[in-house]
Structure formats: structure tokens, C-alpha cells
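Following: one structure in C-alpha cells, then a few remarks.
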């Protein structure tokens with residue numbers, strides 16, 4: 001039987017959740033701007049809700065502004081990492097299956113297949129797998145919209161600090177995602193929107209980030225002795 005395990009971070013979700021932690025728990029944005037503390041950080045642009053209202057008569061949510069929308073705009077193989085994607089042999093044991101159970105956001109595998117792998121690695125069972133890894137470059141876009149231009153500017157500056165400051169190293173350590181500092185560009189002012197019946201002040205930032213994608217194939221009908229051991233997702237990324 002064939003099992004395929006795909007290992008990839010949801011890079012868009014990583015930045016959304018880390019940006020939320022940064023604004024709400026570390027910078028404590030609500031204390032800076034109590035009247036605008038309901039900063040909305042999401043992968044869905046506020047305009048999408050307005051279009052949904054116009055087309056489907058959906059209720060327009062409250063608290064859309066101020067907002068930070070961050071999306072993974074385009075991806076390509078990283079041109080800065082000129083390495084092949086060679087096969088790597090690994091051993092999968094019960095510890096690896098536990099890691100998959102604890103980090104399902106990283107691993108793409110059905111519950112049924114995970115249960116089967118759990119049974120196959122029980123009682124010190126081992127499975128031999130072959131894998132490949134490549135690095136992708138994601139071009140990220142950040143849009144900031146606010147009814148207050150001063151709030152817009154402050155959010156812009158704080159996002160810039162997020163990208164070039166300590167959080168950049170935290171994200172590298174936790175997810176092996178590298179923010180390319182030299183790629184960070186922005187339009188702090190000069191963007192306006194009137195679709196919501198009032199003036200909104202906007203800013204746009206762009207940056208790129210490198211991240212790894214791995215895939216492992218287990219063929220239970222063709223199990224041969226190999227050298228490596230797959231302990232955790234993090235170790236897979238660091239060792240390849």
C-alpha cells in the first residue's frame with residue numbers, strides 16, 4: 001500500500017497568526033489606540049464582504065476597519081536557493097506519527113491513513129520512506145485600510161517593524177520561513193477607497209519569504225533498509 005505525506009506550512013496563516021500575536025499580545029495595539037483596538041487581521045479583504053452583500057444580499061459584518069489583509073499573492077521555486085530536490089531516505093517510527101498528530105496543520109494526510117500508520121509503527125514498528133524537498137518563494141502582499149489616516153500610518157510602521165524586527169527571527173526558528181528583508185517595499189500613503197460610502201485611507205506593503213515543501217512516500221510492499229530517521233518536521237527541514 002502507498003502512503004504519501006506532504007509537509008508544508010500554510011505560510012499565509014502563519015503570518016496572520018503571528019501578526020495577531022504581535023499586535024494584540026506584544027505591541028498591545030489597543031492600549032496605543034483604544035478607539036481603534038479592534039484591528040482586524042485576516043486573509044480576507046474587507047471589499048470581499050461588500051461584494052458579497054451586493055451580489056448575495058449577505059449581511060455586512062461590523063468591525064471591518066481598521067484592517068490588515070495579508071495574502072500569499074504568487075509563489076515560485078526560490079531562485080536564491082539553487083539546489084536540486086534529491087531523494088532522501090528516512091525511517092518513520094511511532095515518534096514521527098505522534099509529531100504528525102500534534103502538527104496536523106503542517107502535514108497533509110487523512111485521518112484514516114494516519115490511523116493506519118499508527119498501527120504499522122506500533123510496538124517499535126518501522127516504515128521506510130523516500131522523500132524530496134524544495135524551497136519556494138512566496139510574494140506576500142499586505143493591505144492596510146483605516147478611516148483614520150494616523151491610525152493607518154501607525155499600523156504601517158508597526159507592520160514594518162514586524163517584518164524587519166525580532167519576529168523575523170522567531171518565524172525563522174518556529175517555521176523555517178525566511179523573510180527576505182531586502183524585498184520589503186511599501187506605499188505608505190496615496191491610496192484611497194470610497195466603496196463603503198466614506199473615505200478610507202490605505203497603505204500597501206510587499207515582501208517575499210522562502211519556505212520549504214517536503215513530500216514522503218511510503219510503500220508498505222517495498223520496504224528496504226535505509227539510513228535516515230524522520231523525527232519531526234523541523235528536523236526534516238533543517239537536515240535537508
Is there a residue in segment 158-166 that is in contact with a strand residue (DSSP E or B) (Cβ under 7 Å, 6 or more places away or on another chain), free of Cβ contacts under 8 Å to residues at least 60 places away in the same chain, part of a strand (DSSP E or B) and surrounded by 14 or more Cβ atoms within 10 Å (Cβ to Cβ)? no
Of (1) in a strand (DSSP E or B); (2) more than 21 Å from the chain's Cα centre (by Cα); (3) under 30 Å from residue 94 (Cα atoms), residue 223 fails just (1)
Test result for residue 214, under 30 Å from residue 4 (Cβ atoms), within 20 Å of the chain's Cα centre (by Cα) and at pLDDT 95 or above: no
Taking the condition part of a loop (DSSP other than H, G, I, E, B) and under 17 Å from the mean Cα position of the chain (by Cα), does residue 44 pass? yes
Does residue 68 satisfy the criteria of being at pLDDT below 95 and either in contact with a strand residue (DSSP E or B) (Cβ under 9 Å, 6 or more places away or on another chain) or closer than 30 Å to residue 102 by Cβ (or both)? no
Search result, residues across segment 31-58 that are in contact with a helix residue (DSSP H, G or I) (Cβ under 7 Å, 6 or more places away or on another chain) and free of Cβ contacts under 8 Å to residues at least 40 places away in the same chain: 37, 41, 42, 43, 58
Among (1) surrounded by 15 or more Cβ atoms within 10 Å (Cβ to Cβ); (2) modelled with pLDDT under 95, which single condition is residue 174 missing? (1)
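Out of the residues in segment 109-156 that are free of Cβ contacts under 8 Å to residues at least 12 places away in the same chain and assigned to a helix (DSSP H, G or I), which is nearest to the chain's Cα centre (by Cα)?
The residue in question is 111.
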Mind checking whether some residue in segment 17-30 is part of a strand (DSSP E or B), within 18 Å of residue 71 (Cα to Cα) and in contact (Cβ under 8 Å) with a residue 24 or more places away in the chain? no
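Results for (1) surrounded by 16 or more Cβ atoms within 10 Å (Cβ to Cβ); (2) assigned to a helix (DSSP H, G or I); (3) at pLDDT 90 or above; (4) over 19 Å from the mean Cα position of the chain (by Cα), shown as yes or no for each residue.
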{"residue": "53", "(1), (2), (3), (4)": "no, yes, yes, yes"}
{"residue": "60", "(1), (2), (3), (4)": "no, no, yes, yes"}
{"residue": "74", "(1), (2), (3), (4)": "no, no, yes, no"}
{"residue": "82", "(1), (2), (3), (4)": "no, no, no, yes"}
{"residue": "89", "(1), (2), (3), (4)": "yes, no, no, yes"}
{"residue": "98", "(1), (2), (3), (4)": "no, yes, yes, yes"}
Pairs needed: first member in segment 79-108, under 27 Å from residue 180 (Cα atoms); second member anywhere, assigned to a helix (DSSP H, G or I) and at pLDDT below 75; C-beta distance under 7 Å; at least 6 residues apart or different chains. 103/233; 106/233
Find the residue count for segment 176-201, including only residues that are closer than 20 Å to residue 12 by Cβ and either assigned to a strand (DSSP E or B) or over 27 Å from the mean Cα position of the chain (by Cα) (or both). 8
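The values are calculated or read from the model by the stated rules, or taken from the named source; none is laboratory data. These figures come from a predicted structure and were not determined experimentally. All Cβ positions, glycine included, derive from the backbone under ideal geometry; neighbour counts span all protein chains shown.
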